[in-house]
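Peer 1: Structure in structure tokens, see below.
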Amino acid sequence: MKTLRHKFAVMLLLAVGMLFACAGGILSWGRAFYGQTMVIESKEDALRHASVSMPVRIEWQDVYLGKGVAEDMPTLARLQSQIQTLRTSTPLQEAFLHQDAPRLQGTIIYLNGTRQDFALGKVFHIDGQSYSEEGGNLHALQNTFLETMFTAERLASLLADTKTFYITSNHLEESVPQAKQTQLREILRAAKPFTAEDASLALQIRAARPRFHLRIYFPSTGIYHGTQAERIVNVDVYDNDCLAMEYLGCTHGRWLYHAPGVQEVFAE
Amino acid sequence: MKRVGFWLCLFLVGVSLFFYWQKNKTPTPEKSLHDLHGHHLVVYSSMRDEVGRALLMLFQEQTGCAYEYIHLPTQTALARVRREQQKPIADVLLGGALHAQMQAAAENLTEPLQAQALAQLPPAFRSADRRWAGIAMTPLAIIVHQKQWQKIFGARPWPQTYTELLSPDFQGKISFADPNVAGTSYTLLAYMTQDMNAAKRAQCLTSLRQNVDQLAYSGYESVERVASGDYPLGIGFLDDADSLKASGFPLLTIVPEDAAWTLDAVAVIQHAPDEKAAQAFAAFCLEKNTQKLLSRIAFSSPTLPMTAEDDSQTALHLGKMDFVRAGREQQDILDTWAHAKQDAH
């Protein structure tokens, strides 16, 4: 009887042991594949594995910000993923389509050379289908396009065509003379965006009070009827020649730049 | 005897393997903030975009943790976490209106936080089961574009309560975000109708819908549209309006008595791919220094009591928000809003 009980205890112990071993094994299994390198033998092999629907370049024209191009993998992947998400919704029927002019038109160029045109406005048109706003996806896609192209350099180039450009203080707007606009264009062209190394300075700037603001209004296009917010850029200028640009047409908030000399231009 | 020895060894190996996995899975709070090189955090954030980014940049600077920051409106972020429940992509759910964090907790989409500072938060600013913690608080304000107001309404006094916004005089004049997407607007709908029966709720939402023109995509965009002068009047969180006010836009903000409010909260998503980094980030958000800094850059109020000295005035205006009910009745409120849309047109 005693031997039987002993055997039973050993068996129980073994069963528990096996259970732990299995659990440990299963849980460790998922971790085993991380960090491993996979060798692809040749370019042809890589192309065979790659999806033909992989975009290699997306180019577009925005009514206010001009021409944009995305060629880097993170941006392409982000745009592609947002487009795919939109396309999972049910396409709109012709009767429900808005006929407004789109804000943005462009082309997706794929790895196998095919091209696909699209337009983005109140709806997203691609491949003869139209998709509407659902859960904010359309807007998120527009934000990504705009964020990608909005830089100090682009703003500099846009200033050349912009007639309405003000310096503001205490809610009063004063027109900026042509000579100063030219100087500012040069400064914006040479401005350097904040990087990860500037994290602490960025926090100081975000908490600081700007010395003055520059307000830029893009001219109305006459074709696209958007909001007034889509035509406004605000630039906050700080004591240490740093500036923060915000485009009210997207929700990104402010982009920070080092812009040596910007204060001097508007010193008086 | 040999056989027993073999099985015993196997038992020990099994137990060791199991505990090895456990040790690697569970974050070590003391170490977590110091070195997270090699970790990668994915964050779904509904905080104001630049504030969320600044927070992540600082976290990276202090810990070496790489991150991916995905900015989404509140309702969209919650929907995405729900959809990915079986295979989470993100580690952290950050900010947005509080009802969404509560809903995520109720649906077991988030897991308990390990941050020790959690206990220091007032009970209203944290979940009892540790699933979310408030890191910044802000009331819902009425926002006025002073020049536009004067142009349209002259010397008429500014509205002082949310109910005044239902006046037919403001038809098409209010900037408002889509409550199906933006937590800002949903917070207002839930707050205004939390003590109403179905008929009154429908009437209230129809009146508001008539005064709203094109819906914005997020609470911040709605405030941007007031700042630009597209609308003379809007509803948005005070911190968003204050940030645009600091950029020189002629905005005036009114925080009504018993104002609706929300918390930007942080939560770790259940089965987060990088739970260690996620827990460390939550702890970082609750640090006193982070909270102080956040209040300076975000124009919001900190949630840790020792740092709230400047915000006692704002706190006095806060109304009683039933966030649990707001989460529970979301579908009903949004359905009523959808009907209100049809009635209004």
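Peer 1: Once you put a point 7 Å from the Cα of A:Leu172 and another 7 Å from the Cα of A:Gln80, both along the Cβ direction, what distance in nm separates them?
Peer 2: 5.5 nm
Peer 1: Take each complete run of DSSP H in chain B, measure how far its Cα atoms stretch along the helix's own axis, and keep only those covering 27 Å or more with mean Kyte-Doolittle hydropathy at least -0.5; list them. Don't jump to the answer; show the numbers that get you there.
Peer 2: Working: long enough: B:2-25 (35 Å, 0.57).
Passing helices, by number: B:2-25.
Peer 1: Evaluate E = 1/(1 + (r/R0)^6) for A:Ser200 and A:Met18, where r is the Cβ-Cβ distance and R0 equals 56 Å; express this FRET efficiency to the nearest 0.05. Could the numbers behind the result be given before it?
Peer 2: Working: r = 54 Å, r/R0 = 0.96.
Step by step, r from the Cβ atoms, then E = 0.55.
Peer 1: Heads up, I need the accessible area for B:Asp213: 1.4 angstrom probe, whole protein in place, Å², nearest 10.
Peer 2: Solvent-accessible area, nearest 10 Å²: 80 Å².
Peer 1: In percent, what relative contact order does region A:57-167 have, based on Cα pairs under 8 Å that are 6 or more apart in sequence?
Peer 2: Values: 136 pairs, mean separation 29.8, N = 111.
Relative contact order comes out at 27 percent.
Peer 1: I would also like to ask the following. Between A:Asn240 and A:Asp117, what is the label-to-label distance in nm when each label sits 7 Å out along the Cα-to-Cβ direction?
Peer 2: 5.0 nm
Peer 1: Name the residue farthest towards the positive end of the dipole of region B:79-204 from the options B:Ala104, B:Ser127, B:Leu94, assuming +1 on Cβ of Lys and Arg, -1 on Cβ of Asp and Glu, about the Cα centre.
Peer 2: Result: B:Leu94, furthest along the dipole toward the positive end.
Peer 1: Distance from the Cα centre of region A:197-212 to that of region A:109-134, in angstrom?
Peer 2: Cα centroid of region A:197-212 versus Cα centroid of region A:109-134: 39 Å apart.
Peer 1: Hey, another quick one. Using a 1.4 Å probe, how large is the accessible area of A:Lys180, given in Å² and rounded to the nearest 10?
Peer 2: 40 Å²
Peer 1: Counting partner chain Cβ atoms within 10 Å of every residue's Cβ in B:118-130, what's the average? Write out the running numbers ahead of the final one.
Peer 2: Values: counts 0, 0, 0, 0, 0, 0, 0, 0, 0, 0, 0, 0, 0.
If you average over the peptide's residues, the count of other-chain Cβ atoms is 0.
Peer 1: If you find the alpha carbon centre of region B:91-169 and of region A:217-238, how far apart are they in angstrom?
Peer 2: 29 Å
Peer 1: A further question on this structure: Can you compute the modelled spin-label distance between B:Asn108 and B:Ala155, with each label point 7 Å from Cα toward Cβ, in nm?
Peer 2: Inter-label distance under the simple model: 6.4 nm.
Peer 1: Using the beta-carbon distance between A:Met11 and B:Glu84 and R0 = 51 Å, what value does 1/(1 + (r/R0)^6) give for FRET efficiency, to the nearest 0.05?
Peer 2: Numbers: r = 42 Å, r/R0 = 0.83.
The pair A:Met11/B:Glu84 has a calculated efficiency of 0.75.
Peer 1: Working out 0.36 nm times the residue gap between B:Asp35 and B:Ile254, then minus their Cα-Cα distance, what length gain in nm do you get to one decimal?
Peer 2: The span from B:Asp35 to B:Ile254 would gain 74.5 nm if fully extended.
Peer 1: Could you work out the local net charge near A:Arg215, counting Lys and Arg as +1, Asp and Glu as -1, over the other residues with Cβ closer than 12 Å to its Cβ?
Peer 2: Working: positive: A:Arg231; negative: A:Glu173, A:Glu174, A:Asp236, A:Glu246.
Around A:Arg215, the charge tally is -3.
Peer 1: If contacts are Cα pairs under 8 angstrom and at least 6 residues apart, what is the relative contact order of region B:31-75 in percent?
Peer 2: Details: 58 pairs, mean separation 24.3, N = 45.
Reported as a whole number, the value is 54 percent.
The values are calculated or read from the model by the stated rules, or taken from the named source; none is laboratory data. Because the structure is predicted, anything quoted here is derived from the model rather than measured. Please note: Cβ atoms are built from the backbone with ideal geometry, for glycine as well, and neighbour counts cover all protein chains shown. Note: areas computed on protein heavy atoms with side chains; ligands, DNA, RNA excluded. Shrake-Rupley method; radii C 1.70, N 1.55, O 1.52, S 1.80 Å.
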